[in-house]
Amino acid sequence: MNAVMAAESSAALTYRRFEVQEQDGRVTGLKPLPDGTLPRWARDVSQQPAQWTAAPDAHKPLFHGPIPFVIPPEDPGEPFYPHNHQPSIAWLPNGDLLAIWYSTKTEEGTELTVLASRLRLGRQQWDPASEFFKAANRNMHGSAIFHDGKGTIYHFNGMGPEGGRGWARLALLMRTSRDNGVTWTPPRAIGPQITGRHQVISGTLMTKAGVLIQPCDAVPGGHGGTALHISHDGGNTWVDPGEGKPRPQFTAGGRGEGTIAGIHAGVVELKDGRLMALGRGDPIEGRMPMSISDDLGKTWTYKASPFPPIGSGQRLVLLRLREGPLMLVSFASGDRRNPEASGITVIDNQGREFTGFGMFAALSWDDGQSWPVKKLVTPGSGQYNGGAHTGRFAASDTRAEHGGYLAATQTPDGRIHLISSRLYYRFNYPWLVQGAKIASADAPK
């Protein structure tokens with residue numbers, strides 16, 4: 001931990017509300033306001049490190065869910081609005097999971113606040129929600145939570161000007177926790193100017209060299225790309241390589257400075273140190289756009305991916321699994337109002353191919369050049385409420401959830417934890433490859 005963050009951690013406390021000083025469109029000060037009563041996410045939290053020994057049956061396929069993680073508060077005075085959306089999730093050193101998301105009447109409103117819920121180790125149900133991060137009369141648009149695997153939990157959040165509606169202009173805030181999310185350092189404005197390129201997207205990444213990367217939408221609309229905010233010193237200082245650069249033209253074979261094709265992008269580090277991203281909008285040749293950078297986000301080249309583009313009310317996940325392959329979770333149709341407008345060829349647990357609709361997972365062992373395994377992420381039956389823009393849907397063997405803002409993490413025991421706008425799924429690598437005919441070159445080493 002660097003000296004600045006070490007000094008901050010000495011002042012860590014449990015809080016969710018804070019005051020803001022702002023001058024000339026720039027955040028000049030942030031002051032936490034401790035609560036008299038601990039929120040649910042900070043109560044009775046174990047500080048015992050989890051024992052991540054793989055279970056004896058870890059090689060067996062596992063799939064559970066979905067169950068809701070957005071649970072209305074039970075404590076008096078806690079805010080909770082009809083629209084709950086744009087989540088993020090992290091595993092914690094004690095074995096808990098922590099999910100955060102925004103709750104609001106309208107996405108443009110200044111009532112928009114960030115809530116949190118904890119899934120405690122060994123429990124089967126998420127805690128009721130409590131408020132997590134809020135400055136009065138400000139739109140708190142976009143959140144990410146991330147564990148670096150070494151005990152530090154990072155929380156990033158956007159914040160609009162006082163009284164300002166919408167998310168076109170935001171400051172970029174960060175804080176950290178070293179005690180499983182109970183206490184947090186005072187928030188810092190790592191992007192103090194209230195401007196564009198600051199709408200936080202879940203999917204924080206730390207490279208093998210320790211570079212911390214936070215994606216943020218470059219624009220407030222559905223097309224225009226994703227920015228990266230990059231820190232080489234553990235979060236002390238930050239740079240946006242695309243700040244002030246002209247917006248690229250996202251075309252096959254094209255090249256741009258500092259901006260990924262597609263908003264809400266998922267970003268991964270490839271085996272050779274390059275970055276790869278997939279995003280929403282800005283389709284290339286009718287497909288989801290793929291962006292590649294060999295200079296840590298300073299420049300990008302663009303091409304069409306093999307996947308269908310996604311649209312409003314949808315966000316993908318791109319993650320490197322502990323077993324080695326890249327995992328994409330996305331949707332077969334970008335029209336959530338007509339989820340069977342297009343399907344994708346997937347396999348079932350017996351290896352039979354069929355056309356599936358809705359949410360699917362795909363695996364690549366060659367850093368995105370090919371994706372030989374595609375599988376529908378569905379419980380196979382049941383009626384569910386995906387919340388937010390998704391609403392109710394019926395699951396079947398050929399139909400999965402058709403919308404939602406996805407976020408995911410993988411715990412050291414190999415379990416993959418995926419959330420959409422309201423629902424939580426849990427599965428593992430053996431389930432993903434169950435029934436797949438994987439070439440020897442693709443098999444995990």
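Some points to look at:
- Summing +1 for each Lys or Arg and -1 for each Asp or Glu among the other residues whose beta-carbon sits under 12 angstrom from that of Arg320 gives 0.
- Within the listed set Gly281, Gly151, Gly404, the Gaussian network model of the chain (springs between alpha-carbon atoms below 10 Å) gives the highest mean-square fluctuation for Gly151.
- Reported to the nearest whole Å, the Cα centre-to-centre distance from the stretch 300-359 to the stretch 156-176 is 31.
- Charge tally in the Cβ shell below 10 Å around Ile310, where Lys, Arg are +1 and Asp, Glu are -1, Ile310 excluded: +2
- Legend: residue pairs Lys60/Lys375; Lys303/Lys374; Lys208/Lys271; Lys208/Lys245, Cα-Cα distance threshold 19 Å; pairs beyond threshold, Lys303/Lys374; Lys208/Lys245.
- Using only side-chain charges placed at the Cβ, +1 for Lys and Arg and -1 for Asp and Glu, the dipole size of the stretch 320-372 relative to its Cα centre rounds to 180 debye.
- Candidate cross-link partners of Lys31 among the lysines, defined by an alpha-carbon separation under 21 Å and a same-chain spacing of 8 or more, comprise Lys134.
- Here is the list for the stretch 220-282: trypsin sites (Lys or Arg not before Pro) lying in DSSP coil, each with at most 11 other C-beta atoms within 10 angstrom of its C-beta, are Lys271.
- In this Cβ point-charge picture (+1 for Lys and Arg, -1 for Asp and Glu), the chain has a dipole of about 320 debye about its Cα centre.
- Only helical runs count toward this figure. For the chain, summing -39,500 (n - 2.57) over DSSP H runs of n ≥ 4 and dividing by all residues gives -500 deg cm²/dmol at 222 nm.
- Over the stretch 290-413: Rg over Rh, Cα atoms, Kirkwood Rh: 0.98
- Diffusion coefficient, µm² s⁻¹, Stokes-Einstein with Kirkwood Rh over alpha-carbon pairs of the chain at 37 °C and 0.692 mPa s: 151 µm²/s
- Modelled spin labels at Asp35 and Gln249, positioned 7 Å past Cα toward Cβ, are 5.2 nm from each other.
- Taking the DSSP bridge list for the chain and keeping only pairs wholly inside it, about 95 percent are antiparallel.
- Available extension along the chain between Tyr81 and Gln350 is 92.6 nm, counting 0.36 nm per residue and deducting the alpha carbon span.
- Packing rank of 166-179, 234-247, 377-390, where each peptide gets the mean count of other beta carbons within 10 Å, highest leading: 166-179, 377-390, 234-247
- In range of the label at Glu340: residues from the stretch 384-416 whose backbone nitrogen is under 11 Å from the point 7 Å along Cα→Cβ: 398-399
- Note on His59 and Glu162: the model spin-label points, each 7 Å out from Cα along the C-beta direction, lie 6.3 nm apart.
- Potential lengthening between His389 and Glu285 on full extension [0.36 nm per residue; Cα-Cα distance subtracted]: 34.8 nm
- Note on Asp272 and Gln48: their simple-model spin labels are 4.8 nm apart, each label 7 Å out from Cα toward Cβ.
- Highest GNM mean-square fluctuation among Trp52, Trp300, Trp371, for the chain modelled with Cα contacts below 10 Å: Trp52.
Bear in mind that the values in this text are calculations on the coordinates, not laboratory data. Just so we're clear, the structure is a prediction, and the values are computed from it rather than from any experiment. Don't worry about glycine lacking a Cβ; one is built from the backbone with ideal geometry, like all the others, and counts go over all protein chains shown.
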